[in-house]
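**Student:** The structure that follows is given in the form of structure tokens.
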Amino acid sequence: MTQQQQTSGPFTGICDPDPNAVWVATDLYTLSHLDPPTTHNSKILKSTLDNASAQGLPAIYSSRAFAKFLALQAKAINAKHFLEVGTLGGYASIWLASENPSLKVTTLEYNPHHAEVARENIENAGLSDRITVHVGAGMQTLPVVLSDIEAGKLDKFDMVYVDADKMNNWNYVDLAIEGCRKGAIIVVDNVVQGGQIASGIERSDKPGYVSGAREVIEKVGKDERVTGTVIQTVGEGNYDGFLFAIVQ
């Protein structure tokens, strides 16, 4: 889930109020057993976060538990090609590729500085041959990737993760479906917005986030190409949730 993240100690959620202490304690307990510092990719992931912080990137990475969830989902379906919309510093991409040795990740990032830092982190992780960062607006770079799929230069997407500008949630999903194989998984992050999707009331500090979440939920519900559900979550990233859909 998108959130503020610290490299030592609990994360701090972006949504008010601060995360419930029990939620955070539960994450810390489970992670200490299921993702301890001795894990094979722990050092490079910490290095990724440290470098991103040092270079001024906003601390809104996916949580450890959620990033690993994505990586395990990719492993469960034996994914070969993963699309990520919203690279930031490359944390989720590195999680995915380091956990799945045969996985190719295509990731789209609007901000040139973020993309530069992500590429540096990816190179430091030794994963430049399997993670490709495209720089520019996602609605412009995604069609380029789709043209490569159509030309046979890339495999179809086995899995898609959307965590970028929330107002384009549906636009990204709508386009990405064109490049997906049947049975592909699509995950759209931050669609619960602290429960505000129920009321439809926008946050003053994040205009368009709630309407973007409602649009993708409502349109997935009407689109015969996909079937989906929303999973609410709590933890280090506070109270939020994600849309989980399957291409039919």
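**Student:** Would you please name the residue that is farthest from Ala21 (Cα to Cα), looking only at residues in region 223-248 that are part of a strand (DSSP E or B) and hydroxyl-bearing (Ser, Thr, Tyr)? Reasoning before the result, please.
**Tutor:** Narrowing region 223-248 to residues part of a strand (DSSP E or B): 226-233, 240-247.
With hydroxyl-bearing (Ser, Thr, Tyr) added as a condition, the list becomes 227, 229, 233.
Numbers: Thr227: 34, Thr229: 28, Thr233: 15 Å.
Here the residue is Thr227.
**Student:** Does Val220 count as within 21 Å of Leu70 (Cβ to Cβ) and in a loop (DSSP other than H, G, I, E, B)? Walk me through how you get there before you give the answer.
**Tutor:** On the way: within 21 Å of Leu70 (Cβ to Cβ): yes; in a loop (DSSP other than H, G, I, E, B): no.
In short, no.
**Student:** Sticking with this one: Do you know which residues across region 1-52 are aromatic (Phe, Trp, Tyr), modelled with pLDDT of 90 or more and crowded, with 17+ Cβ neighbours inside 10 Å? Lay out the reasoning, then the answer.
**Tutor:** So the first thing to find is which residues in region 1-52 are aromatic (Phe, Trp, Tyr), and the list is 11, 23, 29.
If we keep only those that are modelled with pLDDT of 90 or more too, we end up with 23, 29.
Selection gives Trp23 alone.
**Student:** Follow-up question, since we're still on this one. Could you please let me know if Glu202 is free of Cβ contacts under 8 Å to residues at least 12 places away in the same chain, touching a Ser or Thr at 6+ places or on another chain (Cβ under 8 Å) and open to solvent by less than 70 Å² (accessible area, probe 1.4 Å)?
**Tutor:** Working: free of Cβ contacts under 8 Å to residues at least 12 places away in the same chain: yes; touching a Ser or Thr at 6+ places or on another chain (Cβ under 8 Å): yes; open to solvent by less than 70 Å² (accessible area, probe 1.4 Å): yes.
In short, yes.
**Student:** Determine which single condition Ile201 fails, assuming it passes every other condition in (1) under 18 Å from the mean Cα position of the chain (by Cα); (2) not in a helix (DSSP H, G or I).
**Tutor:** (1)
**Student:** In region 205-223, what residues are open to solvent by 30 Å² or more (accessible area, probe 1.4 Å) and of a type in the set (D, E, K, R)? Give the steps one after another, and end with the answer.
**Tutor:** Here is the first cut: in region 205-223, the ones open to solvent by 30 Å² or more (accessible area, probe 1.4 Å) are 205-207, 209, 211, 214-215, 217-219, 221-222.
Of everything in region 205-223, those that are open to solvent by 30 Å² or more (accessible area, probe 1.4 Å) and of a type in the set (D, E, K, R) turn out to be Asp205, Lys206, Arg214, Glu215, Glu218, Lys219, Lys222.
**Student:** Now, a different point. Of the residues that sit in region 224-244 and are more than 18 Å from the chain's Cα centre (by Cα) and free of Cβ contacts under 8 Å to residues at least 40 places away in the same chain, which one is surrounded by the fewest Cβ atoms within 10 Å (Cβ to Cβ)? Write out each step before concluding.
**Tutor:** Taking region 224-244 first, the residues more than 18 Å from the chain's Cα centre (by Cα) are 224-227.
Now narrow it down to the ones that are free of Cβ contacts under 8 Å to residues at least 40 places away in the same chain: 224, 227.
Details: Glu224: 6, Thr227: 13.
Per the criteria, the residue is Glu224.
**Student:** Residues that are among the basic types (Lys, Arg), touching a residue at least 12 places away in the same chain (Cβ under 8 Å) and outside any helix (DSSP H, G or I): does region 67-76 have at least one?
**Tutor:** Filtering region 67-76 for residues among the basic types (Lys, Arg) gives 68, 75.
Pick out the ones that are also touching a residue at least 12 places away in the same chain (Cβ under 8 Å) and you get 68, 75.
This time we only want the ones that are outside any helix (DSSP H, G or I), so: none.
No, that holds for no residue.
Conditions tested, residue by residue: (1) among the acidic types (Asp, Glu); (2) free of Cβ contacts under 8 Å to residues at least 40 places away in the same chain; (3) within 20 Å of Gly241 (Cβ to Cβ).
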residue: Met139; (1), (2), (3): no, yes, no
residue: Asp165; (1), (2), (3): yes, no, yes
residue: Tyr172; (1), (2), (3): no, no, yes
residue: Ile177; (1), (2), (3): no, no, no
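**Student:** Let me ask something else about it. Gly183 - would you say it is in a strand (DSSP E or B) and surrounded by fewer than 22 Cβ atoms within 10 Å (Cβ to Cβ)? Full working, then the answer.
**Tutor:** Working: in a strand (DSSP E or B): yes; surrounded by fewer than 22 Cβ atoms within 10 Å (Cβ to Cβ): yes.
Criteria met by Gly183.
**Student:** Okay, moving on. Return yes when Gln248 is more than 24 Å from Ala79 (Cβ to Cβ) and either open to solvent by 60 Å² or more (accessible area, probe 1.4 Å) or under 19 Å from the mean Cα position of the chain (by Cα) (or both) and no when it is not.
**Tutor:** Numbers: more than 24 Å from Ala79 (Cβ to Cβ): no; either open to solvent by 60 Å² or more (accessible area, probe 1.4 Å) or under 19 Å from the mean Cα position of the chain (by Cα) (or both): yes.
Criteria not met by Gln248.
The values are calculated or read from the model by the stated rules, or taken from the named source; none is laboratory data. Everything numeric here is computed off the predicted structure, so don't read it as measured data. Cβ coordinates were reconstructed from backbone atoms using ideal geometry, including for glycine residues, and neighbour counts include every protein chain displayed. The area values use the complete protein model at the heavy-atom level, side chains included, leaving out ligands, DNA and RNA. Shrake-Rupley method; radii C 1.70, N 1.55, O 1.52, S 1.80 Å.
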